[in-house]
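One structure is given here, and the rest of the page talks about it.
The values are calculated or read from the model by the stated rules, or taken from the named source; none is laboratory data. Not measured: the values here are computed from a predicted model. We place every Cβ from the backbone using ideal geometry, glycine too, and count neighbours over all the protein chains shown. Surface areas here come from the heavy atoms of the whole protein model, side chains and all, with no ligands, DNA or RNA. Shrake-Rupley method; radii C 1.70, N 1.55, O 1.52, S 1.80 Å.
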Amino acid sequence: MQASKRAFQKLLISTILTVIVMFSVMGYLVYSGNRITTKYTPLLDAAMEMMLETTTAHLWFMEVISGDKQGTIEKVRQHLDKADWYAGAMLEGGRNQEEVILPLTDQALRNSVQIARRIIAQFKEISHLRHARSLDDLAGSNIDQRFDRVFKEFLSVAGDVELKLQQKIQTELAGFRLIAGGLIVGTLLIVMFVVIKLIKYERDQLRHIEHIDEARGHIEAQSRQLDHQANFDQLTGLPNRALFMDRLQQALNHAIHEEHNVVVMFVDLDKFKSVKDTLGHQASDGLIELASRRIHECVPEEDTVSRFTGDEFGVVLTAIQNREKAMDMANQIARKINLSLNQPFLVDGRKLILSASIGIAVSVGEGCTAEDLLRKAHIAMHHAKVEGGNNQKFNTDELNEAANQRYEVEQALRTALVNGEFILYFQPQWEVESHRLAGFEALLRWNHPKKGLVLPDYFVQVAESTGLIEEIDSWVFKSACAQYAEWVGQGLRPGRISVNLSPGKLHQRKIANEIADLLLEYEIPNQAFELELTETSLMENSYRTHKILEKFKQLGVRLAIDDFGTGYSSMAYLRDFSIDVLKIDRSFFTSLGKDPTAEAIVRNIVNLAHALEMQIVAEGIENMQQLQLVKELLCEYVQGYKLGIPISSVEASALLASDQAQSNPHFLH
Ligand code: C2E
Ligand code: MG
Ligand code: MG
């Protein structure tokens, strides 16, 4: 740094000196050139004037000799005076109208000018003498001959002065050119030198900066490496305990805000110590690495898997909407982890099978810290270990029981799908004005091998949170369509058939195609098929939801909102999506007479629906008071125990037949 500063200072001084030299040279050249012209041009002019004046004086003197004496001698004298003045100016300096004549410095030239001056003086003298005698003397006298001789001598001297002056100018100019050339070349060399230095300096600086950048990159890489070492496990590359705790705390903070649940899983490999003793240090490290990869593959990408120490791993599952879902998810992942670890590993030519004891803790609202949750998961892991490992345990008995139950239901649901244990019941919907059977809502029942006929309350939530509902819904759609076609085949007119569409199924790809294919296969008029959607599934007013509902509309099936009024959602979707039917939730009718606001709410829902050209199905009508209100409010359809509970397909066939047979129908028969 210091060296670079010194180099810069040197360069700055050199540049300043170069600029000074350049200006000095330019100044000197201007001065010298100017000096040659201001000194020698007037001198040359003076020499020429001296010659001219003397020659003119000589001409006038010839006039005097030829006899023209009228005042001419005066002109001779005047011209000789002028010639003398120029000679004097060349020696002493002088100024005429045009220029300043500087005195000659060259001694030889000065001598010549002095001789010329003396000759001019002789001229004067001879011219006076000749004039004085001009009356008696004849032309060609002695004086005249002397005069001629002196004049010739003058011409020779003056010519010599002029020639020498010209030579002097040439010499001075040649010298000037030489010096100027030398100076210009010298200055250019200096400038080149400085420019080269500047370029070199610039290059050095760049190299210097590159070195600094390189060093910085190196430091950054090192600090990244240190950072990585501080936050990640060296063997598996997974986040270490410190980073795990950090992410867990962040997930908890976020969960409180978003009302989500966070799950921590403590995964401990079973009997790993004996595996390690058998394999040795290096091979067991390799096994840990392979196991960590398998654990990682079982966990959603957005969640964290960490290696704490040895054979201990941690998993954080975030952003799970409810406790039941969190439990199901944790259960599934834990099982997946054990199934994956149970697959043989190939280490040093040996096949090995691993298993893990997994403790699971689910966050419970505010005040739950990362440390708490991990501790709970750790304790639960010990319970799992005590029970023989290769399993999972939640941190409380209550949760364990619930989780086990849910797990049992899930397993039983899978079997039910395979064994065809589901059946459909049909609840009639009546047209209020005509009192005729308008159609049925298909309701799912599970013919459980041990429990008998099971209602959806028992299994729908597990089916939804495990995703099984999508397959179940498909079964319902197909069975409902098949039943409809069977009724038609029996010569019955089933009117409409409504099916419930779960939120997960609504957002499934190709759902519209699935329904379109079924309607085509069973030749069901599209308008006769009604899909019951929940308010919550429309709350996510997304582009995707829009697209799906648009497809349903193009297909021409009817869309109903089930349990309307319980979803606490904004009703903007009623404007955005074209809905045909609102099914007012049964809770409003149950509250009639007890809660004074219930009737007002029902009235407003009906008004809103009619204003938006939607129809109403009043659900859960159990008594006359409720039915009275339904009629009074001009609801289009009604459904409820008062008018018919869900019945089997055989009973539904009979109901259809009897309704068709009646000429004067009344739904309270
Ligand atoms: P939901 O779609 O609102 O169905 C109406 C529920 O109210 C049915 O219960 C029906 O039996 C009951 N209900 C009808 N009238 C009355 C009444 O007057 N009083 C009383 N107390 N209850 C009445 P269910 O069959 O137990 O179904 C419960 C829920 O399970 C359904 O509510 C629906 O959300 C779901 N579900 C039923 N079947 C299916 C299905 O096939 N697929 C899907 N995804 N969900 C279904
Ligand atoms: Mg329904
Ligand atoms: Mg309902």
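Each residue of region 450-467 was assigned a 3J(HN,Hα) from its phi angle through the Karplus expression (A = 6.51, B = -1.76, C = 1.60, θ = phi - 60°), giving 9, 8, x, 6, 10, 7, x, 3, 6, 10, 4, 5, 5, 4, 5, 6, 9, x Hz with x at Gly and Pro. Which one, SER479, LEU501, THR369, projects farthest toward the positive side of the charge dipole computed for the chain from Cβ point charges (K/R +1, D/E -1)? Looking along the dipole axis, the top candidate is THR369. Fully extending the segment from GLN250 to LEU189, taken as 0.36 nm per residue of separation minus the present Cα-Cα distance, adds 15.0 nm. Here the dipole of the chain is about 3120 debye; that uses its Cα centre as origin and unit charges on the Cβ of Lys and Arg (positive) and Asp and Glu (negative).
Quick check of the Kirkwood formula: for the chain, what is the inverse mean of 1/r over all pairs of different Cα atoms, in Å? Answer for the chain: a Kirkwood hydrodynamic radius of 37.2 Å. Using a probe of 1.4 Å on the protein chains alone, the accessible area found for ILE209 is around 90 Å².
Tell me whether region 406-661 comes out rounded, prolate or oblate; compute the Cα gyration tensor, take square roots of the eigenvalues as a ≥ b ≥ c, and use a/c under 1.5 as the rounded threshold. Intermediate results must be reported in sequence, preceding the final value.
On the way: a/c = 1.33, a/b = 1.19, b/c = 1.12.
Because its axes are fairly even, with a/c under 1.5, region 406-661 counts as rounded.
Summing Lys, Arg as +1 and Asp, Glu as -1, what charge do residues with Cβ under 15 Å from the Cβ of GLU408 carry, GLU408 excluded? Spell out each step's value before the answer.
Numbers: positive: ARG335, ARG406, ARG414, LYS450, LYS451; negative: GLU324, ASP328, GLU401, GLU410, GLU421.
Taking every Cβ under 15 Å from that of GLU408, the sum is 0.
For region 16-33, 3J(HN,Hα) computed residue by residue from phi via the Karplus equation (6.51, -1.76, 1.60; θ = phi - 60°) reads 4, 4, 4, 4, 4, 4, 4, 5, 4, 4, 4, x, 4, 5, 4, 4, 5, x Hz, glycine and proline entered as x. A simple spin-label model places the labels of THR536 and LYS10 8.0 nm from each other, with each point 7 Å out along Cα-to-Cβ. Residues whose amide H comes within less than 5 Å of that of VAL347, counting only those at least five positions distant or on another chain, are LEU352 (H built at 1.01 Å from N in the peptide plane).
Please work out the Cα center distance from region 342-415 to region 611-669, rounded to the nearest Å. When both Cα centres are located, 49 Å separates them. The H on the amide N of GLY439, modeled in the peptide plane, is under 5 Å from the matching H of GLN429, ARG496, each at least 5 residues off or on a different chain. Using just its DSSP H runs of length 4 or more, each adding -39500 (n - 2.57), the chain gives a mean residue ellipticity at 222 nm of -21000 deg cm²/dmol after division by all residues. Here region 175-326 is assigned +1 on the Cβ of each Lys and Arg and -1 on the Cβ of each Asp and Glu. Its dipole about the Cα centre then comes out at about 960 debye. Overall, the accessible surface of the chain at a probe of 1.4 angstrom is composed of carbon and sulfur to the extent of 55 percent. The Cα center of region 289-335 and the Cα center of region 497-546 differ in position by 33 Å.
In order along region 330-343, phi translates into HN-Hα couplings of 4, 4, 5, 5, 4, 5, 4, 4, 5, 4, 5, 5, 6, 6 Hz, rounded to whole numbers, per the Karplus curve 6.51 cos²θ - 1.76 cosθ + 1.60 with θ = phi - 60° and x for Gly and Pro.
Secondary structure note: in region 406-661, about 40% of the DSSP beta bridges are antiparallel. Compute the FRET efficiency between GLN78 and PHE176 as 1/(1 + (r/R0)^6), taking r as their Cβ-Cβ distance and R0 = 56 Å, and round to the nearest 0.05. That gives a FRET efficiency of 0.90. Here the scattering of region 2-231 is modelled by Debye summation over its C-alpha atoms, one equal scatterer each and no solvent; at q = 0.08, 0.12 Å⁻¹ the log10 of I(q)/I(0) is -0.54, -0.80. When only alpha carbons of region 241-395 are considered, Rg and Dmax amount to 15.4, 51 Å. Over all distinct Cα-Cα pairs of region 23-82, the Kirkwood formula returns a hydrodynamic radius of 13.9 Å.
FRET efficiency for the GLN508 to ALA572 pair, using the beta carbon distance and R₀ = 22 Å, is estimated at 0.40.
For region 406-661, the per residue solvent-accessible surface stands at 46 Å², with DNA, RNA and ligands left out and a 1.4 Å probe.
Once the 1.4 Å probe is applied to the protein heavy atoms, region 103-203 comes out at 62 Å² accessible per residue.
Say R0 is 60 Å: what FRET efficiency, to the nearest 0.05, do ASP457 and ILE209 get from their beta-carbon distance? Walk me through the numbers before you get to the answer.
Details: r = 73 Å, r/R0 = 1.21.
Given R0 = 60 Å and the Cβ-Cβ separation, E is 0.25.
Given HIS382, LEU44, SER587, which one lies farthest toward the positive end of the charge dipole of the chain, if we put +1 on the Cβ of every Lys and Arg and -1 on the Cβ of every Asp and Glu? Working it through, the farthest residue towards the positive pole turns out to be LEU44. Extent of region 490-618 along its three principal axes (Cα atoms, max minus min coordinate, largest first): 49, 41, 25 Å. For region 144-192 and region 32-53, what is the separation of their Cα centres, given in Å? Taking the Cα centre of each part, region 144-192 and region 32-53 sit 10 Å apart.
In a DSSP loop and with at most 11 other Cβ atoms within 10 Å, the GluC sites (Glu not before Pro) in region 213-281 are GLU259. Within region 587-606, name every residue whose backbone N is under 11 Å away from a label modeled 7 Å from Cα of ASN623 along the Cβ vector. Under 11 Å, as judged by backbone N against the label point of ASN623, lie 590-594 of region 587-606. Taking amide H atoms as placed 1.01 Å from N in the peptide plane, the amide H of VAL262 lies under 5 Å from those of SER363, each 5 or more residues away in sequence or on another chain. Each 5 Å bin from 0 upward holds the following percent of the Cα-Cα pairs of region 594-659: 4, 16, 22, 21, 16, 10, 8, 4, 0.
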